[in-house]
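Q: Quick one: this structure, given as structure tokens, is what I'll be asking you about.
The values are calculated or read from the model by the stated rules, or taken from the named source; none is laboratory data. If you're wondering where the values come from, they're calculated on a predicted model, not measured in any experiment. Virtual Cβ from ideal backbone geometry, glycine too; neighbours counted across all protein chains shown. Ligands, DNA and RNA are excluded from the accessible area calculation, which covers all protein heavy atoms including side chains. Shrake-Rupley method; radii C 1.70, N 1.55, O 1.52, S 1.80 Å.
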Amino acid sequence: MEFKSLKNIETSFKQIRLFGIVFVVMCTLITGYAVWNSYTFAEAQRQKIYVLDGGKSLMLALSQDLTQNRPVEAREHVKRFHELFFTLSPDKNAIESNIKRSLFLADKSAFNYYRDLSEKGYYNRIISGNISQTIQIDSVSCNFDVYPYAVATYARQMIIRESSVTERSLVTCCRLLNAVRSDNNPHGFMMESFEITENKDLNTIKR
């Protein structure tokens, strides 16, 4: 009925051409949206990993860009080293186990500290004096602008004796290198140039 209202052939041709252009534009927009949506969906699927659990159940794990988690992993790596290296109990096997696990996370600079303390009889005094040592990490500062990454760790040590509890400040620094991940080094870092820059008594509480 709309075409019957056209006054002449020229007006009819203009309207038909306009309708044709609008139709082509709409088809182009719809096609472009469909292609873009399909690409987005395919990209999202590539970010998913399907894991078979014993061939019975299907679990979905989202893969993430490893660089997004590196700062978190770096802080956790350094924190884990300090917890293992500075947590001591009056048990030779426990001390050796912790030290051995911590040395997988650092280079020879950490081993040199362990060797010096051992030669000075520090660990023997821990055992003979029935002393326990714990550590509380206050903060770990990492500079990811320059490689190797500079790290400073601020913590407090608690030296627990039968008669007293001594609180000590502990400040260390090191550099972090990227390394191969393994069962002994799950975060894929290696500490180098480890150094204790401050370790002094803060207060002593009688028990």
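Q: Look through ARG80, ARG101, ARG75 and report the one residue that is more than 16 Å from THR172 (Cβ to Cβ) and assigned to a helix (DSSP H, G or I).
A: None of the other options fit; the residue is ARG101.
Q: So for region 40-58 (the condition being open to solvent by less than 90 Å² (accessible area, probe 1.4 Å), at pLDDT 85 or above and not in a strand (DSSP E or B)), does at least one residue qualify?
A: Looking through region 40-58, none of the residues is open to solvent by less than 90 Å² (accessible area, probe 1.4 Å), at pLDDT 85 or above and not in a strand (DSSP E or B).
Q: Within region 97-111, can one find any residue that is more than 30 Å from the chain's Cα centre (by Cα), open to solvent by less than 80 Å² (accessible area, probe 1.4 Å) and in the same structural domain as ILE159 (by the TED database)?
A: no
Yes or no, residue by residue, for (1) under 17 Å from LEU84 (Cβ atoms); (2) in a strand (DSSP E or B):
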{"position": "ALA110", "(1), (2)": "yes, no"}
{"position": "LEU117", "(1), (2)": "yes, no"}
{"position": "ILE126", "(1), (2)": "yes, no"}
{"position": "THR134", "(1), (2)": "yes, yes"}
{"position": "VAL146", "(1), (2)": "no, no"}
{"position": "ALA152", "(1), (2)": "no, yes"}
{"position": "ALA155", "(1), (2)": "yes, yes"}
{"position": "GLU167", "(1), (2)": "no, yes"}
{"position": "SER182", "(1), (2)": "yes, no"}
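Q: Applying the selection to region 66-96, what residues are open to solvent by less than 60 Å² (accessible area, probe 1.4 Å), more than 20 Å from SER182 (Cα to Cα) and of a type outside the set (Gly, Ala, Ser)?
A: Hits for region 66-96 are PHE86, THR87, LEU88, PRO90, ILE95.
Q: Of all the residues that make up region 168-207, how many are within 21 Å of ASP138 (Cα to Cα) and without any contact (Cβ under 8 Å) to a residue 60 or more places away in the chain?
A: Residues flagged as within 21 Å of ASP138 (Cα to Cα) and without any contact (Cβ under 8 Å) to a residue 60 or more places away in the chain within region 168-207 amount to 14.
Q: Under the condition of being within 19 Å of MET191 (Cα to Cα) and of a type in the set (Gly, Ala, Ser), which residue from region 138-175 is least open to solvent (accessible area, probe 1.4 Å)?
A: Selected residue: ALA155.
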